[in-house]
Amino acid sequence: MAKRPKAVHQLTEKQFEDMFPHEDACRAYLVARRWPEGVRCPRCGNPAVYDLPSRKWHWQCEKCAPDGYRFSVLAGTIFENTNKPLRDWYKVVHLMLTSKKGMSALQIKRYMGFGSYKTAWSMCHKVRTALMQDLDKLGGIVEVDETFVGGKDKNRHWDKRSGKSGGAGDPLKFVVIGAVKRKGNVIVRVIDKINTPTLETFVRETVSTRVSLLCTDENAGYRRLGFRYNHGVVDHAKGVHVVGAVHTNTIEGFWSIIKRGVVGTFHKVSKKYLPLYVAEFQFRYNNRFNEDIFGAAIEGV
């Protein structure tokens with residue numbers, strides 16, 4: 001049974017070097033995070049596996065294959081079949097987590113000394129996929145809001161300008177909706193359009209009906225939420241931003257982090273990959289108080 005690694009919040013460079021001086025240290029850490037109660041077969045979950053003396057960090061399960069299934073510590077993770085050292089992967093994860101607004105693949109390439117941008121880009125996207133979370137419905141005081149993500153039209157190349165000022169109708173702006181519990185987690189998704197069915201579906205899937213207060217702006221798509229929730233509204237169109245406990249300042253603060261990241265760090269993001277970037281920002285926000293954010297990320301691989 002592997003001893004669970006000590007929690008270290010936001011590793012410093014020296015702490016990283018001390019914890020992971022070589023590949024064996026990285027593999028031992030992965031074993032401890034994946035199987036704190038002992039190694040299990042990644043296919044069938046069988047705990048009755050045995051070491052292969054001839055191959056370090058490999059085991060065999062006799063249950064899920066007639067001639068035995070051999071697997072390594074990397075089996076079933078984003079590191080499987082990689083030609084990069086596990087230490088390089090850990091460093092990429094570390095760099096992505098320690099930057100509040102994220103780190104671009106180009107920055108990763110330069111820092112790590114990779115030979116190609118595609119290598120860094122692929123590794124970053126695999127890490128973002130691993131950071132996707134399945135979260136319980138939010139309770140307490142919850143704020144829901146939507147926003148448009150994308151650069152300003154005036155900053156685009158002349159042949160890519162849409163002529164739109166931003167928002168609905170701009171083909172290079174994408175809609176993101178989020179729900180955040182005050183002093184708690186955020187759940188964010190990319191949606192195709194802003195209408196009543198889409199907004200109501202998102203709220204039903206992410207917010208508990210036992211919520212004490214649900215705060216939104218004056219968007220007409222939220223008008224029927226009062227039938228299921230204790231619904232408070234702030235009318236931004238009239239210059240109203242706070243009415244007692246009713247406001248959307250928390251989720252708007254989260255939007256500012258995403259937008260600064262997309263515009264300042266990643267510069268542009270396609271709709272196809274936007275959910276992965278959103279997942280990265282969501283993971284960092286939801287683990288902002290986690291004393292072991294790096295370990296939590298490695299656990300999800």
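If you take the residues in the stretch 156-201 that are modelled with pLDDT of 65 or more and among the small types (Gly, Ala, Ser), which one is surrounded by the fewest Cβ atoms within 10 Å (Cβ to Cβ)? Break it down stepwise before answering.
Going residue by residue through the stretch 156-201, those that are modelled with pLDDT of 65 or more are 172-201.
Filter once more, keeping what is among the small types (Gly, Ala, Ser): 178-179, 184.
Working: Gly178: 26, Ala179: 25, Gly184: 15.
Once the filter is applied, the top-ranked residue is Gly184.
Looking at the stretch 75-106, which of the residues that are free of Cβ contacts under 8 Å to residues at least 24 places away in the same chain and polar (S, T, N, Q) is nearest to Asp292 (Cα to Cα)? Give the steps one after another, and end with the answer.
Filtering the stretch 75-106 for residues free of Cβ contacts under 8 Å to residues at least 24 places away in the same chain gives 80-83, 95, 105-106.
If we keep only those that are polar (S, T, N, Q) too, we end up with 81-83.
Numbers: Asn81: 27, Thr82: 25, Asn83: 27 Å.
This residue is Thr82.
Could you list all residues from the stretch 195-233 that are assigned to a loop (DSSP other than H, G, I, E, B) and either free of Cβ contacts under 8 Å to residues at least 60 places away in the same chain or under 17 Å from Gly139 (Cα atoms) (or both)?
Matches in the stretch 195-233: Asn195, Ser208, Thr209, Arg210, Val211, Ser212, Glu218, Arg223, Arg224, Arg228, Tyr229, Asn230.
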Residues of the stretch 30-49 classified as over 14 Å from Ala75 (Cα atoms) and in contact with a Pro (Cβ under 6 Å, 6 or more places away or on another chain), total: 2
Taking the conditions exactly as written (surrounded by 12 or more Cβ atoms within 10 Å (Cβ to Cβ), closer than 15 Å to Glu143 by Cα, free of Cβ contacts under 8 Å to residues at least 12 places away in the same chain and of a type outside the set (Val, Ile, Thr)), does His241 satisfy them or not? yes
All positions within the stretch 22-63 that are under 27 Å from the mean Cα position of the chain (by Cα), loosely packed, with under 12 Cβ neighbours inside 10 Å and not in a loop (DSSP other than H, G, I, E, B): none
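May I ask you to verify whether Tyr111 is crowded, with 22+ Cβ neighbours inside 10 Å and either under 20 Å from the mean Cα position of the chain (by Cα) or not in a strand (DSSP E or B) (or both)? Lay out the reasoning, then the answer.
Numbers: crowded, with 22+ Cβ neighbours inside 10 Å: no; either under 20 Å from the mean Cα position of the chain (by Cα) or not in a strand (DSSP E or B) (or both): yes.
Criteria not met by Tyr111.
The values are calculated or read from the model by the stated rules, or taken from the named source; none is laboratory data. Predicted model only: the values in this text are computed from it and were never measured. Here Cβ is always computed from backbone atoms with ideal geometry, including for glycine, and neighbour counts include all displayed protein chains.
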